[in-house]
1. Scan the range 182-198 and give yes if some residue there is at pLDDT 90 or above, out of contact with any His (no Cβ under 7 Å at 6 or more places or on another chain), more than 13 Å from ALA141 (Cβ to Cβ) and in a loop (DSSP other than H, G, I, E, B), otherwise no.
2. Can you list residue pairs whose Cβ atoms sit under 7 Å apart, with the first residue in the range 96-121 being touching a residue at least 60 places away in the same chain (Cβ under 8 Å) and surrounded by 15 or more Cβ atoms within 10 Å (Cβ to Cβ) and the second being among the acidic types (Asp, Glu) and part of a loop (DSSP other than H, G, I, E, B)? Count only pairs 6 or more apart in sequence or on different chains.
3. Can you find a residue that is closer than 25 Å to GLY100 by Cβ and without any contact (Cβ under 8 Å) to a residue 24 or more places away in the chain anywhere in the range 167-179?
4. Evaluate the following for ALA101: is it part of a helix (DSSP H, G or I), on the phi < 0 side of the Ramachandran plot and in the same structural domain as TYR174 (by TED's automatic domain parsing)?
5. On the given criteria, is GLN195 farther than 22 Å from TYR78 by Cβ, assigned by TED's automatic domain parsing to the domain that holds GLN139 and buried (at least 20 other Cβ atoms within 10 Å of the Cβ)?
6. I'm trying to understand the selection: among the residues of the range 211-243, which are among the small types (Gly, Ala, Ser) and at pLDDT below 80?
7. What number of residues within the range 126-175 are assigned to a loop (DSSP other than H, G, I, E, B), of a type in the set (Gly, Ala, Ser) and out of contact with any Leu (no Cβ under 7 Å at 6 or more places or on another chain)?
8. May I ask you to list pairs of residues, at least six apart or on different chains, whose Cβ atoms are under 6 Å apart, with the first in the range 122-147 being within 16 Å of PHE192 (Cα to Cα) and assigned by TED's automatic domain parsing to the domain that holds LEU225 and the second being surrounded by 15 or more Cβ atoms within 10 Å (Cβ to Cβ) and of a type in the set (Ser, Thr, Tyr)?
Amino acid sequence: MHPALRSWRDELAHTPVRLLAYLGAVALLSIAAARLSQSPEVMSNITPVYRSEWIDIEPPFPAFVLSIPEAADVPANYAIHRHAEGGGRKDILELGEAAGAAPYLRVEIYRPGSEIRHFADPKAEILDGASALGPIEIQRAVQPLASKFGPLTIVSFSTSKGAPRHCLGFVRAYSDPRLQISGWFCQGGTEFIEQSTLACALDRLTLLAAGSEPRVGALFARAELNRSYCGQRDTILAATPKYHLLWKALANRPEPRRIGR
């Protein structure tokens, strides 16, 4: 075969490879040019979407109730949060306004799933939950507070965000069932809420429905046996003068305020 023909055939075999390499190079250059020409302002405005670990359950079907007859005219709220991955549940009961100077009570019942292995340190648990209030002047009580749920770890603090207030934070965790009761009680003015007033408020926390958790029902049943009716062991005299004064409610309120009903 003539040498000229042999050279032409050899070049023909390599032509598709070279063509593909050329097209690939053109494509890469086009992508690079598009990225360089894109406005930096447009790229900076693209932010990742934040997804909370906790999902709000709507409508919330209450499992607990907090009955405060002396606060019938106070705003109340009930919320349920479910952990997106672990399945844990938080029932949150609020009485009063979180940002106001008037008395404000928040109680959280946390039944964890697989999202945590154990509960946090009691003081850390309280301060983390109340972080939106900006806790300052933090002091942990030397002695736990006796309540119908057993001894409560107590932490007193003042707020640095919103209206100036003094607060008592509390927490009690159980291993069987895995359940934690925590929250805080705040009021404006110069004085802290007394521990006996906090114990009286938690005396009013009861269970409506345990669902498929009989151990939770048993825990609250035992707590009811320890109920002191705000130190008087009498349902008729449950509203103590000290608590009545705190909420500034009328003495002849016909119906108690129930969070969860």
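The values are calculated or read from the model by the stated rules, or taken from the named source; none is laboratory data. Remember, predicted model here, so these are calculated numbers, not experimental data. Cβ coordinates were reconstructed from backbone atoms using ideal geometry, including for glycine residues, and neighbour counts include every protein chain displayed.
1. Looking through the range 182-198, none of the residues is at pLDDT 90 or above, out of contact with any His (no Cβ under 7 Å at 6 or more places or on another chain), more than 13 Å from ALA141 (Cβ to Cβ) and in a loop (DSSP other than H, G, I, E, B).
2. TYR104/GLU97
3. Checked the range 167-179: no residue is closer than 25 Å to GLY100 by Cβ and without any contact (Cβ under 8 Å) to a residue 24 or more places away in the chain.
4. When the stated conditions are applied, ALA101 does not pass them.
5. So GLN195 passes the test.
6. Within the range 211-243, GLY211, GLY231, ALA238, ALA239 meet the criteria.
7. Count: 7.
8. LEU133/THR159; ILE136/SER158; GLU137/SER158; GLN139/SER156
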